[in-house]
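J.: First, the structure itself, so that you have it in front of you.
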Amino acid sequence: MKKNNCVRLRRLPAILVASIVLVLALGISGCGTSASGGSAKKAESQKMTLVHKGKLTVVSDLANPPFDYMEGQTKKGFEVELMQELAKKMGLECEYLNPMKFDSIIPTIKQGGKADVGASNFTITEERQKEIDFTNAYIDSNQGLVTAKGAADQVGADTKTLDNASSTIAVQAGTTGESWVKENLPNATVVALDDPIAALSGVSTGLYKAAVADLPVMQYECKNSYTDLAVAKEIPTGEQYGIVVSKENPALTKALNKALKQCRKDGTLSKLELKWFGVDYEEKSATTSTASVSSLSGDAGSVSVSKATARPNEDGGDKVIGGINTRLTWEATTKVKDGVSSVTLKLPKGASFDGSTTKVTVLEGLKRVSIDGSAKASGNTITVKFETPIPTGSLLRLEITDMKFPSEGGKNKVTGSYTTAAGVKGNLPASPSIKTSANTPVQQIVMWLDGQAWVSAWNSVPFLNMFFKPQLLVTSFVSLFGGWLLCLLIVVVAYPFAIALGLLFAMMRISKFRVLRGIASVYINILRGTPLFLQIYIMFFGLPMVGINIDNNILGIIVMAINSSAYQAEIYRAGIQSIPRGQYEAASSLGMNGRQTMFTVILPQMVRRVIPTVTSDFITSYKDTSLLSSVGVMELMMFSKNLTTVSGNITPYMAAAIYYLIVTLPLIKVVGIVEMRLADAENGGGPRPGGKRATKSAEGAEEGEKNFSADGKASAGKSFSALDALAAPFRSHAGQEA
Amino acid sequence: MFGKNGHRIDAVEVPPAMDAQEAARVAYERDKNLTRHHFKKGEHPIVRIEHLNKTFTDTPVLRDVNLDVWNGEIVVVLGPSGSGKSTMLRCINLLETPTAGHILIEDKEITGTKKTDVNMLRRDLGMVFQGFNLFPHMTALENVMVGQVKVLKKPKEEARVEAMKQLEAVGLADRADYKPPQLSGGQQQRVAIARAVAMHPKVILFDEPTSALDPELVRDVLNVMRDLALHSGMTMIVVTHEMGFARDVADRVVFMEGGVVVEQGLPEEVFDHPKTQRTKEFLGNIR
């Protein structure tokens, strides 16, 4: 045994070296292509690259009716037709790939090789622009907050009624809707799902209180499918959708923009909008820019500040840290007859607007008005001058990126002043305060890493950057920790129940009462015969429908326990039936009754035998908790998915992998050791009188025992244990006939 | 619970069990010259088998077996493989359910008894198996103790003392804390004998106790059995192929073949002057 271990240990470094070599090889090859790509870019900067010649390959999640969706096998929607039109204009054929998860579209485009563009209601944001390029916007949009019809009015009147921990709000992972909820309802429980339809299903069944997603999608769904739901509030975000293109392919972006312009000019876009939304948005936006300034009254009017928030800039966390760049979002409604021509914002001392960029959004109702502005920063104040005065009654939003809050942290209020078109000055009321914190250790590590030469060298290799970005790895570890604990908690709490239930059903399965046997086999077969994913969906969406409302985490524990119990019932049944008949006979001949036999003779032996298989099942269950992320349990995968959608980088998944392995690798090792011990015990290892090794001990009668240990060795996973379980009855019959 | 039922019962015509007094008289008349047993006046057989039939699905294994065993008697059952001798033994403590016929322990009919009564009955019938069937998760000592504690409800200390006594008797006191897989086959079988004896049963049934053993280990086990036979006064029914043991120790030898008792008698009679051709052939082959 010891020798074996030595061999294994010696082999381990070899494996490590091999994998490092592999990683390096991949990295170098990646490096090579990127370098050549760089030089090629210069040479033929005007030529766009396509994955398939003559084809515009589009990837989308196809889950946002009426933008993009599947009807049976056909891909339909506004966006789908738009992409076809654009391709036509570019002289290309448009080809849609099969639907992909929303959070994986940007990484797919970034990596290249699979699709040329991504079109799936992508709101143009700076975060995303860091990873990929956007074309010009093809449509303006807003977000919609959906609740059950009955609750819509109350929530619509005041969204803050949702701002408490007991409100679960479903959003689509990595969307502007998610950021809106995180910024505006910080106390609510946010559940990030893969597609908006799942979010609506959840609201419909009562699993979630509300859902936030793209307004057109929500409106369409509430009208056509989820008639029991209603859009409680239209959230004016003034966002715009663009098509995602790789940064490596600027020529394609250019070509798409050109085609988009043509579509706008020749009325194709209007036609499509009319067809799919019943509204021609183009017409509206055409009328907006005539913000007529007739007669100046000289009245200062008033400006009410509705919001001031900062984007969390703690990597992987949700804190706003002072002293590092973040984005300030400031919103106000103007009631100034003459129109506002400039706004000056002021933050407490220590804050800095130097080097920031400002985005101006003006909304009249839900309609976006295009007004440009120029910003001038000086220390803790910034002045934004607008090209045309902002008409009265409109919502003004300033998003100031790359600004800094005072580094010591604290509560910050935005104050300042404004100037009307008539040159009258007015003071801005103080905004709600923004809470910021001093720097965190994690952030310090990240900043230190940012400054390291080796880190930048490492990150210049695309593969390493995509999968093992050091900064992101550090922050992922920190922010995934909670999810990891929840995974462990779920499986650790679920397991005792699974064991108890499993034993119960195993006993029922071998009971002499036909009814009990029947019940047990129905239970076991249904649970083993359907995917866990399906069971999770049924439990999470089904139970609230019948009026049972349980906390998501507890529900997760219940589902895991029930699912695992079916597998364990079979493991235990096989274990019990693998105990040789002679054991029962020996117990009987001593006069033991059935219960005594079971508890003093059979079960203790069974337990020893099933330990490896049950441990394997435990490993499987632990990994399977990842499926709970699909219904919004905040476990490991959920956190890493969110981080990936925000960062467009795969590294958080790698961190998750490490978290899984921390638990599974030692357990796998334990299984190996236990199996070896078992095998040794059954072959008669251990201390031996007189040093003699009676290899033939317990031969014949222990036939079944040997079979089981052989199977046990093979049973690394559930499939094997299932086979084992299936084989057991035959084995035991054979034993009886012998 | 353990799925042993379900055998088809063939309609075998069997007369009702004889009256105890009458049966004892008939048995005495039949057995008095066949055994070295010293009959006491008015003694009744401790185990009485009348018209025992056993059929596995469609194969008859025992056909009208009649046998009486007297208190303290050592009966060795011989016969070729498949002659039904093990099945007969297993019928006695109802590990096999007889298809038809009567088995009486101390004049009490046991065939057709309820499950709880079967457990009570089995306390009085120790059994030693060909495959030992020790409980592998318990030490030798625990193996010998478990029946006393669980079934006889003896206090643990008392059971331990008794268990140590029995292990000593089979020469394995120094192996008390070993688990079965750490013991040789012969040692395991001796522990199994200690386990059976510790229950102080009225009868011990030995089902080919040495067949699974290496030849050099057989002697130890036979010595223990011989010791038991000579000194304990316990009734023993031994199914074995050990002719030497049968000749030395048995009060009576029973020869079975084809599910029928072909011949029985004093060991020297059966071995030296077998009455039937079949017995002659069998003994000839063995020797």
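J.: Among the residues of region A:437-445, are any at pLDDT 85 or above, outside any strand (DSSP E or B) and not assigned by the TED database to the domain that holds residue A:347?
T.: Yes, that holds for at least one residue.
J.: Taking into account only those residues within region B:171-218 that are touching a residue at least 40 places away in the same chain (Cβ under 8 Å) and open to solvent by 40 Å² or more (accessible area, probe 1.4 Å), which is nearest to the chain's Cα centre (by Cα)?
T.: Out of the qualifying residues, it is B:202.
J.: Let me ask something additional. Restricting the search to region B:171-182, which residues are facing chain A (nearest Cβ under 7 Å) and either of a type in the set (D, E, K, R) or assigned to a loop (DSSP other than H, G, I, E, B) (or both)?
T.: B:175
J.: Here is a list of conditions, (1) assigned by the TED database to the domain that holds residue A:623; (2) in a helix (DSSP H, G or I); (3) at pLDDT below 90; (4) of a type in the set (S, T, N, Q), and residue A:549 meets all of them except one; can you say which number that is?
T.: Condition not satisfied by residue A:549: (2).
J.: If you don't mind, there's one more thing I want to ask. Filter region A:519-546 down to residues that are aromatic (Phe, Trp, Tyr) and open to solvent by 60 Å² or more (accessible area, probe 1.4 Å) and give me whichever is modelled with the highest pLDDT.
T.: Here the answer is A:533.
J.: Would you mind stating whether residue A:554 is crowded, with 22+ Cβ neighbours inside 10 Å and either out of contact with any Phe, Trp or Tyr (no Cβ under 9 Å at 6 or more places or on another chain) or within 14 Å of another protein chain (Cβ to nearest Cβ) (or both)?
T.: So residue A:554 fails the test.
J.: Moving on. Return a yes/no flag: does region A:444-467 have any residue that is open to solvent by 30 Å² or more (accessible area, probe 1.4 Å) and within 30 Å of residue A:299 (Cβ to Cβ).
T.: no
J.: Assess whether residue A:183 counts as being on the phi < 0 side of the Ramachandran plot, modelled with pLDDT under 80 and outside the structural domain of residue A:62 (by the TED database).
T.: yes
J.: Still on this structure, please answer the following. Which ones in region A:477-500 are open to solvent by 50 Å² or more (accessible area, probe 1.4 Å) and either among the aromatic types (Phe, Trp, Tyr) or closer than 26 Å to residue A:611 by Cβ (or both)?
T.: If the condition is that a residue be open to solvent by 50 Å² or more (accessible area, probe 1.4 Å) and either among the aromatic types (Phe, Trp, Tyr) or closer than 26 Å to residue A:611 by Cβ (or both), then A:477, A:481, A:485, A:489, A:492, A:493, A:496, A:497, A:499, A:500 are the ones that fit.
J.: Here is a further query. Of all residues in region A:102-119, which are within 24 Å of residue A:142 (Cβ to Cβ) and at pLDDT below 90?
T.: Answer for region A:102-119, where residues must be within 24 Å of residue A:142 (Cβ to Cβ) and at pLDDT below 90: A:102, A:103, A:105, A:106.
J.: Here's something else I'd like to know. Hey, can you tell me all the residues within region B:85-96 that are over 12 Å from residue B:47 (Cβ atoms), out of contact with any Lys or Arg (no Cβ under 7 Å at 6 or more places or on another chain) and surrounded by fewer than 24 Cβ atoms within 10 Å (Cβ to Cβ)?
T.: Within region B:85-96, B:86, B:90, B:94, B:95 meet the criteria.
J.: Right, here's the next one. Against the definition (surrounded by fewer than 24 Cβ atoms within 10 Å (Cβ to Cβ), out of contact with any strand residue (DSSP E or B) (no Cβ under 7 Å at 6 or more places or on another chain), under 25 Å from residue A:274 (Cα atoms) and not charged (D, E, K, R)), how does residue A:107 come out, yes or no?
T.: no
J.: Looking at (1) surrounded by fewer than 23 Cβ atoms within 10 Å (Cβ to Cβ); (2) in contact (Cβ under 8 Å) with a residue 60 or more places away in the chain, which one does residue B:139 not meet, given that it meets all the others?
T.: (2)
J.: Give me a count of the residues in region B:146-170 that are open to solvent by 10 Å² or more (accessible area, probe 1.4 Å) and within 12 Å of chain A (Cβ to nearest Cβ).
T.: Total meeting the criteria: 5.
J.: For a quick check of your reading of the model, give me the residue pairs whose first member lies in region A:161-180 and is outside the structural domain of residue A:320 (by the TED database), whose second is open to solvent by 30 Å² or more (accessible area, probe 1.4 Å) and at pLDDT 85 or above, with beta-carbon atoms closer than 7 Å and at least 6 apart or on different chains.
T.: Close Cβ pairs (under 7 Å, with a partner that is open to solvent by 30 Å² or more (accessible area, probe 1.4 Å) and at pLDDT 85 or above) amount to A:162/A:209; A:167/A:209; A:168/A:209; A:169/A:209.
J.: Is it true that residue B:280 is open to solvent by 10 Å² or more (accessible area, probe 1.4 Å) and without any contact (Cβ under 8 Å) to a residue 12 or more places away in the chain?
T.: Taking the combined requirement at face value, the residue satisfies it.
J.: For region B:45-65, enumerate the residues that are open to solvent by 50 Å² or more (accessible area, probe 1.4 Å) and on the phi < 0 side of the Ramachandran plot.
T.: B:56, B:58, B:59, B:60, B:63, listed by residue number.
J.: Output the residues belonging to region A:188-246 that are among the aliphatic types (A, V, I, L, M), over 22 Å from the mean Cα position of the chain (by Cα) and open to solvent by 40 Å² or more (accessible area, probe 1.4 Å).
T.: Answer for region A:188-246, where residues must be among the aliphatic types (A, V, I, L, M), over 22 Å from the mean Cα position of the chain (by Cα) and open to solvent by 40 Å² or more (accessible area, probe 1.4 Å): just A:231.
J.: So is residue B:133 at positive phi and within 13 Å of chain A (Cβ to nearest Cβ) or not?
T.: In short, yes.
J.: Got a sec? Which of B:145, B:127 is in contact with a strand residue (DSSP E or B) (Cβ under 6 Å, 6 or more places away or on another chain) and either part of a helix (DSSP H, G or I) or over 20 Å from residue B:51 (Cβ atoms) (or both)?
T.: Answer to the check: B:127.
J.: Among helices (runs of 4 or more DSSP H) lying entirely in region A:213-297, which contain 3 or more residues that are farther than 19 Å from residue A:94 by Cβ, at pLDDT below 85 and in contact with a Ser or Thr (Cβ under 9 Å, 6 or more places away or on another chain)?
T.: Because the criterion is at least 3 residues that are farther than 19 Å from residue A:94 by Cβ, at pLDDT below 85 and in contact with a Ser or Thr (Cβ under 9 Å, 6 or more places away or on another chain), the helices (runs of 4 or more DSSP H) in region A:213-297 that meet it are A:281-288.
J.: Only one of A:572, A:537 is in a helix (DSSP H, G or I) and either small (Gly, Ala, Ser) or in contact with a helix residue (DSSP H, G or I) (Cβ under 6 Å, 6 or more places away or on another chain) (or both). Can you tell me which?
T.: Within the list A:572, A:537, the selection yields A:572.
J.: Quickly run through region A:110-138 and pick out the residues that are open to solvent by less than 10 Å² (accessible area, probe 1.4 Å) and closer than 24 Å to residue A:327 by Cα.
T.: Of everything in region A:110-138, those that are open to solvent by less than 10 Å² (accessible area, probe 1.4 Å) and closer than 24 Å to residue A:327 by Cα turn out to be A:121, A:122, A:123, A:132, A:135.
J.: Out of the residues in region A:576-608 that are hydrophobic (A, V, I, L, M, F, W, C) and assigned to a loop (DSSP other than H, G, I, E, B), state the one that is nearest to the other protein chains (Cβ to nearest Cβ).
T.: The qualifying residue nearest to the other protein chains (Cβ to nearest Cβ) is A:590.
J.: Can residue A:611 be described as within 13 Å of chain B (Cβ to nearest Cβ) and of a type in the set (A, V, I, L, M)?
T.: yes
J.: I would also like to ask the following. Looking at residue B:192, is it of a type in the set (A, V, I, L, M, F, W, C) and part of a loop (DSSP other than H, G, I, E, B)?
T.: No.
The values are calculated or read from the model by the stated rules, or taken from the named source; none is laboratory data. Small disclaimer: the values here were computed from a predicted structure and weren't measured. Cβ atoms come from the backbone with ideal geometry, glycine included; neighbour counts cover every protein chain shown. Remember, those area values only see protein heavy atoms, side chains included, never the ligands or the DNA or RNA. Shrake-Rupley method; radii C 1.70, N 1.55, O 1.52, S 1.80 Å.
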